Each structure stands twice: as structure tokens, then as C-alpha cells.
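**Q** Pasting a structure here, questions to come.
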Amino acid sequence: MQKSTSLNVGLVGQAFMGRAHANAYRQAQAFFGAPRVPELKVVCGRDASALTAFAQRFGFQKTTTDWHAVTQDPDVDLVDICASNDLHSSLAIEAAQAGKAVFCEKPLARNLSEARAMVRAVETAGVPHMVCFNYRFLPAVRLAKRLIVEGAVGRLRHFRALYLQDWLSDP
């Protein structure tokens, strides 16, 4: 049996991060030339009236307002969690138990107990999983990591960083 060349995505969350992830899936093949092409199967959101337009804009095949429908969909290989933080743990655990790969937008969980339960679920299921830290490959972040690893800044005892953006501010 030949392995599928597509990666069937179920996205939970249609707000800002959902839009960002949907756009990234549309660009991934052209940008990276990945061996598996993302196929946007289903998007889930709370605003049913906006879901159809979202699905058409980004190319999702179907919509739902029930996130359980995404985690239990036999056509979905990967559940991408861009929902509100209080749903991350439940979504990730149910998706893992259903054998789905799990991508979770940050923050991973609301507390250590939830995070540990999520990790146990994906490890028990043996499914791929990750937290979406999109800034980890920025040149400034990579340079900071290199300087730390090389010992150029000495032994760290405390670290605090800010990443300031003004693009959401009202001029």
C-alpha cells in the first residue's frame, strides 16, 4: 500500500491564529516543498455564520462548530489547535487518543498538570506533536541561542526578553 502524499488537516479556531495557520498550510508546499502536501479538510469555529466564508477563503472542504467532529473525523490526520487556551488540553488529548498528530498553538496549557496530561496522551498514542513557536528561527533568537551554547555570555542566572510589535496598535 502506497503512503498518501497528502496530510489531511483539521483546524480548530477561526480567529487570528486560525487564519495565520490556514495561510501557512496554503503556502507550505510552495515555500518548503514538503513531501506531504497539506489538504485542508475541516475547519471548526464558534462563529458559524463566518465559517463558510473562512472555508472558502482558505480552501477547507467542510466546516463544523463541534470540535469533537474534528478529532473524530476519519479523514483528518492532523488536528491543529488554535482555539481558546481553555480548550487546548481537552482537544490535544482527544486528538491523540484518536490517533491524530497534534499541533498546538501557544500557550500549550494553562498549568503544568494540563501540560503533563497532554504530553502523556501524545506519547502513549505515539503520534507526532509540537507546540507552534514561530519565532524560534528568527535570526536574533538563533544568535542568542548560539551565544548561550558557546558560553559567550557566561553562565546564565536569569533571563528576561521582550518581543515588541506595534502592528496591532491603533495609530
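The values are calculated or read from the model by the stated rules, or taken from the named source; none is laboratory data. The structure displayed is predicted, hence computed values, not measured ones. Cβ coordinates were reconstructed from backbone atoms using ideal geometry, including for glycine residues, and neighbour counts include every protein chain displayed. Calculation scope for accessible area: heavy atoms of the full protein, side chains included, ligands and nucleic acids excluded. Shrake-Rupley method; radii C 1.70, N 1.55, O 1.52, S 1.80 Å.
**Q** Just need a number here: residues in the stretch 18-41 that are part of a helix (DSSP H, G or I) and open to solvent by 60 Å² or more (accessible area, probe 1.4 Å). Full working, then the answer.
**A** Residues of the stretch 18-41 that are part of a helix (DSSP H, G or I), as a first pass: 18-32.
Those left that are additionally open to solvent by 60 Å² or more (accessible area, probe 1.4 Å): 19, 23, 26-27, 29-32.
Of the residues in that region, 8 qualify.
**Q** Here's something else I'd like to know. For residues that are in contact with a Phe, Trp or Tyr (Cβ under 9 Å, 6 or more places away or on another chain), open to solvent by 80 Å² or more (accessible area, probe 1.4 Å) and among the hydrophobic types (A, V, I, L, M, F, W, C), tally how many sit in the stretch 120-167.
**A** Number satisfying all stated conditions: 0.
**Q** Here are Ala96, Ala117: which of them is buried (at least 18 other Cβ atoms within 10 Å of the Cβ), of a type in the set (Gly, Ala, Ser) and out of contact with any His (no Cβ under 6 Å at 6 or more places or on another chain)?
**A** Values: Ala117 fails: buried (at least 18 other Cβ atoms within 10 Å of the Cβ).
Answer to the check: Ala96.
Each row is one residue, and each column tells you yes or no for (1) in a helix (DSSP H, G or I); (2) basic (Lys, Arg); (3) touching a Gly at 6+ places or on another chain (Cβ under 8 Å); (4) farther than 28 Å from Gln27 by Cβ.
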residue	(1), (2), (3), (4)
Val70	yes, no, yes, no
Asp75	no, no, no, no
Asp86	yes, no, no, yes
Ser90	yes, no, no, yes
Cys104	no, no, no, no
Glu123	yes, no, no, yes
Met130	no, no, no, no
Arg146	yes, yes, no, no
Leu156	no, no, no, yes
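**Q** Of everything in the stretch 42-54, what is part of a helix (DSSP H, G or I), among the aliphatic types (A, V, I, L, M) and under 20 Å from Ser84 (Cβ atoms)? Give them in sequence order.
**A** Initial filter on the stretch 42-54 (part of a helix (DSSP H, G or I)): 48-54.
Next, from what is left, pick out any that are among the aliphatic types (A, V, I, L, M): 48, 50-51, 53.
Of everything in the stretch 42-54, those that are part of a helix (DSSP H, G or I), among the aliphatic types (A, V, I, L, M) and under 20 Å from Ser84 (Cβ atoms) turn out to be Ala48, Ala50, Leu51.
Rundown of residues vs (1) out of contact with any Ser or Thr (no Cβ under 7 Å at 6 or more places or on another chain); (2) among the aromatic types (Phe, Trp, Tyr); (3) farther than 23 Å from Arg110 by Cα, yes/no style:
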position	(1), (2), (3)
Ala20	yes, no, no
Phe32	yes, yes, yes
Lys41	yes, no, yes
Gln56	yes, no, yes
Phe60	yes, yes, yes
Ala83	yes, no, no
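**Q** Condition first: in a loop (DSSP other than H, G, I, E, B) and either touching a Lys or Arg at 6+ places or on another chain (Cβ under 8 Å) or without any contact (Cβ under 8 Å) to a residue 12 or more places away in the chain (or both). Now tell me which residues in the stretch 55-68 satisfy that. Spell out how you get there, then give the answer.
**A** Taking the stretch 55-68 and keeping what is in a loop (DSSP other than H, G, I, E, B), we get 59-61, 65-66.
Result: Gly59, Phe60, Gln61, Thr65.
**Q** Scan the stretch 42-84 residue by residue and report those that are among the charged types (D, E, K, R) and open to solvent by 30 Å² or more (accessible area, probe 1.4 Å).
**A** Step one: of the stretch 42-84, the residues among the charged types (D, E, K, R) are 46-47, 57, 62, 66, 73, 75, 77, 80.
Hits for the stretch 42-84 are Arg46, Asp47, Arg57, Lys62, Asp66, Asp75, Asp77.
**Q** Tally the residues that are in a helix (DSSP H, G or I) and either more than 17 Å from the chain's Cα centre (by Cα) or surrounded by 12 or more Cβ atoms within 10 Å (Cβ to Cβ) (or both), restricting the search to the stretch 1-17.
**A** 1
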